[in-house]
Amino acid sequence: MTNNGFFGPKKTITLKVLRYKPGAIDPPRYDTFRVEANAVTTVLDALEEIKATQDSSLLYRHSCHPASCGTCGMRVNGREQLGCVARLLEQGSDVVVVEPLASAPLIADLVVDMTPFAERFAPAGMRLVRESEFNPEAETPVGVETFTRYEDCIECNICLSACPVANTNPAFIGPAGLAAAYRALVTGERSPAEVFAYVDHDDGVWRCHSAMECSAVCPSNVDPGHKIMALRRELVTYKVKRFFKRG
Amino acid sequence: MRSIEEKRRSGIWIWQAVTGVLLVILLSLHMIVHHFVVEGGLRTYEQVLAYIGNPLVVVIEIVFLIVVTFHAMLGVRAILFDLPLTERQKTLVTRALTAVGLVVGAWGIFLALWLFRMARMA
Amino acid sequence: MATQFHVVVIGGGSTGAALVHDLTLRGLKVTLVERGELTSGTAGRHHGLLHSGGRYAVNDQESAIECIEENQILRKIAPGSFEENDGLFVAITDEDVAYLDKFLAGCEACHIPTRVLTAEQVKRLEPHINPQVKLGVQVPDATMDCWRLPMRFFATAKRNGADIRPYTEVIGMLRTAGIVTGVRVRSHVTGKEYDIKADIVVNATGAWAEKVSEMAGARVPVKPTPGVMVAVRGRWCNMVINRLNKPSDGDIIVPQRGLSVIGTTSWTVEDPDRLGLPEDHVRLMFEKGGELIPAVRHAPMRAAWSAARPLIAEGGAQEGRALPRTFKCFDHKVRDVVEGLVTISGGKGTTMRAMAEATANVVCDKLGIDAPCRTKEVVLLPYWAYYQ
Amino acid sequence: MAVPIQHKSPAARAVQAWFNPLKRSAGFLAFVLMRITGIGLVVYLLIHMVVIGNLLRGPAGWDSLIQTMKSPWVLALDVVLIAGILIHMLNGLRVTIIGLGFGTQSHKGIFWTLMAVAVLLLAYSAWLVFTK
């Protein structure tokens, strides 16, 4: 990875972008564009260049650019990445295929509907940004320094697209939501009873088959796979304890 | 924290794990005894009968059969539940797999007991 | 209200977001169109600094006062959307130290609370700071979520009945006898073109304001003034670090989530769609940022990008940093004898709500509606409510 | 939603991903192997139950069946079966352990180690099958 902004020589890259417009480009097809890229050019940069100079009807989601908002999740050469930090010359081929995320309904081109994701995620009650960070004079929740920063989750939907189960079963809560539920459990934001009521069913924490692909593609180091496993351990412990108490 | 809709509690994964661990032990026994203890493996009718004549073996085989069937049906259920099934379809799947499991189990137990009887009679 | 007037807002950035929220609360029927994804222009890609106003307290006190007022209001109406970690203006050189008195006087004049810290205190609070640091001044800066904050306005407006249409580009103005009566749009989802009628059209397109107002034969003196920002991995500071001096290149480092964002530079472009990313500016960020926190020079780069400020250059040859950072609302009836079109531009992310209030006041005046602004009190919904 | 949902990705295509580890990482490969071997073993279990039903036919029926089973082709299938069992068993242990939150950070290393063990055990089993 180019570290500190050395642009290097330019190279021409061909992008094959999935196009879909209900009623107009239907069924979907791939359009081919050519762009000049240097070492720091990202897939998002390339799409913006295409939109500005080659095809103004190209649609994609994006906002912030430094991988902080999570809107530009897409599949680049078959792997889920954030377009804003996926560098074109690091995709391993001169022809780069760009497709929308797999696990959400497609609206047009690279734009997917985030509604199902929000429905699964919101109940976990994830607060987006902790009100205080590492400022030692500011109050932080006790013990929170020892956890990975769950706020790192940028709700980008990438983990669901990479998850083999979320792709076939839309009822599955999915990695991001389960990781958020685990966070709510360990930070004490929610009671164990509440969290377990949310995740303890066939479409919840038990649906995961530990492919760990969510952790492999997560652009924000949330490691949802690890959190799902940890959540399951808490739940198993809870169930075993309850079993013996009753017995 | 509200659930998307009321879902039935489930901990079936635990059973899958428990039966899986049991199977590691039982299958090892099954394989070793069947194929490696007897020189050339358990092959002829006589050998099978002699083996099954041991009451302990019958018990082990039946336990093995029950555990492996349970584990297999849970596995199939886990795969089918990865599909977008309605609650009704889920119930149907569970019932159908229970039925298949019961048939396989009954058939296997019948076979073991019948062979045990044959061995005792011989 | 007996008659419900219909306002069309062009531009789904932070101003548009706050404006649909404001107008909807005042009981108007509002449609917002945005050619791409919401906040895909300047709004989403600024450095994420909720200004205390300290940065402008010496040279541009009107902006500074707007900032500190809005800073307090936004914290109240959007709890949880900020990392409330404060900001620190640090003096590295003797020249910086000499700026202290002017800075403190400016902050006092603008009612920005300050706390002067010794070099030792600064180093204790900020272990990675340049060890040459002479002193620091703590101010109530914060880090905001550039995408989710505007989305909370959208979510609340949508819940209250606003019609928000992303992926819908304005391709022309509907005009009857010189009066703007609506917009013609193209949906990029279906490729279809159609008209939206309106009693008033508001142009809230920021750096694109000139392009859009030209469609109605009106003029806005907006200069797209991009700046480069560089995000490096790791939080190298606890507070937002500013250089204690007059605004310059690469003098802010904003800790945001797991990143530190160094900004920014300033130049002018004609086309806000083609900002480019000058390599020397990116290098400059590492160099200048390194004067504040040496470690960022060697931190791995996560991203580098440009964002266009929509600065207003009213009569005069001013450019870049000399331009005021405040906002302006133009009624084109007054300026260009074009009735039915209002443009809001200038300003910054921190003052989005105030910009919306000013614009909504103009809109209501024109329509003869007497409805008070309620956006100072109404607490916003979480952003994901937009998707429910 | 201002924009209606018009298109859903077909479920059939998503199901294919269960068996396609291309461009994915080790954990996904483990998942694919687990699924394939699992389905295979269920099918084998059912066939096995039918086959041993031949014991009911007495010594004549059974011994002739066994004779055909000694062909190298069937023995090769036996090795495939053993491979499936080893992969499924060792992976199953791994999934159980990490599924309870232990060793999740080193799940890839555990996977490759266990697969190496599976290969060794398979080689030994194959030698036994073909020589004894």
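The values are calculated or read from the model by the stated rules, or taken from the named source; none is laboratory data. Because the structure is predicted, anything quoted here is derived from the model rather than measured. Cβ coordinates were reconstructed from backbone atoms using ideal geometry, including for glycine residues, and neighbour counts include every protein chain displayed.
Does residue C:107 fit the bill of being touching a strand residue (DSSP E or B) at 6+ places or on another chain (Cβ under 8 Å) and closer than 18 Å to residue C:351 by Cα?
For residue C:107, the condition - touching a strand residue (DSSP E or B) at 6+ places or on another chain (Cβ under 8 Å) and closer than 18 Å to residue C:351 by Cα - is met.
Just for strands (runs of 3 or more DSSP E) wholly inside region C:154-268: which have at least 3 residues that are within 22 Å of the chain's Cα centre (by Cα), under 25 Å from residue C:141 (Cβ atoms) and in the same structural domain as residue C:305 (by TED's automatic domain parsing)?
C:222-233, C:240-243, C:252-256, C:259-263
Looking only at region C:321-350, how many residues end up being at pLDDT 90 or above and hydrophobic (A, V, I, L, M, F, W, C)?
Matching residues across region C:321-350 total 7.
From (1) modelled with pLDDT under 95; (2) surrounded by 20 or more Cβ atoms within 10 Å (Cβ to Cβ); (3) more than 9 Å from every other protein chain (Cβ to nearest Cβ), pick out the condition that doesn't hold for residue A:110.
(1)
Looking for whichever is of a type in the set (Ser, Thr, Tyr), within 30 Å of residue C:254 (Cα to Cα) and at pLDDT below 80 here; the options are A:71, A:146. Which one fits?
A:146
Looking at region B:73-100, which of its residues are in contact (Cβ under 8 Å) with a residue 12 or more places away in the chain and within 18 Å of residue D:40 (Cβ to Cβ)?
B:73, B:74, B:75, B:76, B:77, B:78, B:80, B:97, B:100 - these are the residues of region B:73-100 that are in contact (Cβ under 8 Å) with a residue 12 or more places away in the chain and within 18 Å of residue D:40 (Cβ to Cβ).
Under the condition of being facing another protein chain (nearest Cβ under 7 Å) and not hydroxyl-bearing (Ser, Thr, Tyr), which residue from region A:58-76 is farthest from residue C:233 (Cα to Cα)?
Among residues in region A:58-76 that are facing another protein chain (nearest Cβ under 7 Å) and not hydroxyl-bearing (Ser, Thr, Tyr), the one farthest from residue C:233 (Cα to Cα) is A:59.
In region A:109-126, is there at least one residue being part of a loop (DSSP other than H, G, I, E, B), within 21 Å of residue C:34 (Cβ to Cβ) and small (Gly, Ala, Ser)?
For region A:109-126, residues part of a loop (DSSP other than H, G, I, E, B), within 21 Å of residue C:34 (Cβ to Cβ) and small (Gly, Ala, Ser): absent.
I need the strands (runs of 3 or more DSSP E) fully contained in region A:1-108, keeping only those with at least 2 residues that are touching a residue at least 12 places away in the same chain (Cβ under 8 Å) and of a type in the set (Phe, Trp, Tyr).
It comes to A:25-37.
What residue, among those in region B:98-111 that are aliphatic (A, V, I, L, M) and crowded, with 18+ Cβ neighbours inside 10 Å, is farthest from the chain's Cα centre (by Cα)?
B:111
Name every residue in region A:149-202 that is of a type in the set (Asp, Glu) and part of a helix (DSSP H, G or I), in order of residue number.
A:151, A:152, A:194
Would region C:228-239 turn up any residue that is without any contact (Cβ under 8 Å) to a residue 40 or more places away in the chain and within 30 Å of residue C:136 (Cα to Cα)?
yes
Looking only at region A:12-48, count how many residues are of a type in the set (D, E, K, R) and either on the phi > 0 side of the Ramachandran plot or not assigned by TED's automatic domain parsing to the domain that holds residue A:74 (or both).
Total satisfying the criteria: 0.
Taking residue C:116, is it of a type in the set (A, V, I, L, M), within 16 Å of residue C:292 (Cβ to Cβ) and either modelled with pLDDT of 95 or more or not in a strand (DSSP E or B) (or both)?
no
How many of the residues making up region A:203-221 are part of a helix (DSSP H, G or I), more than 9 Å from chain D (Cβ to nearest Cβ) and of a type in the set (D, E, K, R)?
Qualifying residue count, region A:203-221: 1.
Could you run through region A:191-202 and say how many residues are at the interface with another protein chain (Cβ under 7 Å from one of its Cβ atoms) and not β-branched (Val, Ile, Thr)?
Total satisfying the criteria: 6.
Specify which of the listed residues (D:119, D:95) is in contact with a helix residue (DSSP H, G or I) (Cβ under 9 Å, 6 or more places away or on another chain) and free of Cβ contacts under 8 Å to residues at least 40 places away in the same chain.
After ruling out the rest, the residue left standing is D:119.
Filter region A:222-247 down to the residues that are out of contact with any Ser or Thr (no Cβ under 9 Å at 6 or more places or on another chain) and either in contact (Cβ under 8 Å) with a residue 24 or more places away in the chain or within 14 Å of chain D (Cβ to nearest Cβ) (or both) and list them by number.
Within region A:222-247, A:231, A:232, A:233, A:234, A:235, A:236, A:237, A:238, A:239, A:240 qualify.
Would you confirm, using the coordinates I've provided, whether residue C:238 is out of contact with any His (no Cβ under 8 Å at 6 or more places or on another chain) and modelled with pLDDT of 95 or more?
No: the conditions fail for residue C:238.
May I ask you to list the residues in region D:76-132 that are loosely packed, with under 14 Cβ neighbours inside 10 Å and basic (Lys, Arg)?
Residue satisfying the conditions is D:132 alone.
Give the residue that is farthest from residue C:302 (Cα to Cα), with candidates limited to residues of region A:38-47 that are under 25 Å from the mean Cα position of the chain (by Cα) and more than 8 Å from every other protein chain (Cβ to nearest Cβ).
A:47
Can you spot a residue in region C:67-82 that is on the phi > 0 side of the Ramachandran plot, crowded, with 24+ Cβ neighbours inside 10 Å and in contact with a strand residue (DSSP E or B) (Cβ under 7 Å, 6 or more places away or on another chain)?
So far as region C:67-82 goes, no, none of its residues is on the phi > 0 side of the Ramachandran plot, crowded, with 24+ Cβ neighbours inside 10 Å and in contact with a strand residue (DSSP E or B) (Cβ under 7 Å, 6 or more places away or on another chain).
Just give me the residues in region A:196-220 being free of Cβ contacts under 8 Å to residues at least 24 places away in the same chain and of a type outside the set (Gly, Ala, Ser), in sequence order.
Once the filter is applied, which keeps residues that are free of Cβ contacts under 8 Å to residues at least 24 places away in the same chain and of a type outside the set (Gly, Ala, Ser), region A:196-220 yields A:201, A:202, A:212.
For region C:267-308, which positions are within 22 Å of residue A:54 (Cβ to Cβ) and facing chain A (nearest Cβ under 7 Å)?
The answer is C:273, C:274, C:305.
Consider region C:96-113. How many of its residues are within 29 Å of the chain's Cα centre (by Cα) and assigned to a helix (DSSP H, G or I)?
Summing the residues that are within 29 Å of the chain's Cα centre (by Cα) and assigned to a helix (DSSP H, G or I) in region C:96-113 gives 11.
Restrict the check to region B:25-35 and report whether at least one residue is in a helix (DSSP H, G or I), at pLDDT 90 or above and surrounded by fewer than 16 Cβ atoms within 10 Å (Cβ to Cβ).
yes
In contact with a Pro (Cβ under 7 Å, 6 or more places away or on another chain), farther than 27 Å from residue B:33 by Cβ and within 11 Å of chain A (Cβ to nearest Cβ): is that true of residue D:28 in this structure?
Taking the combined requirement at face value, the residue satisfies it.
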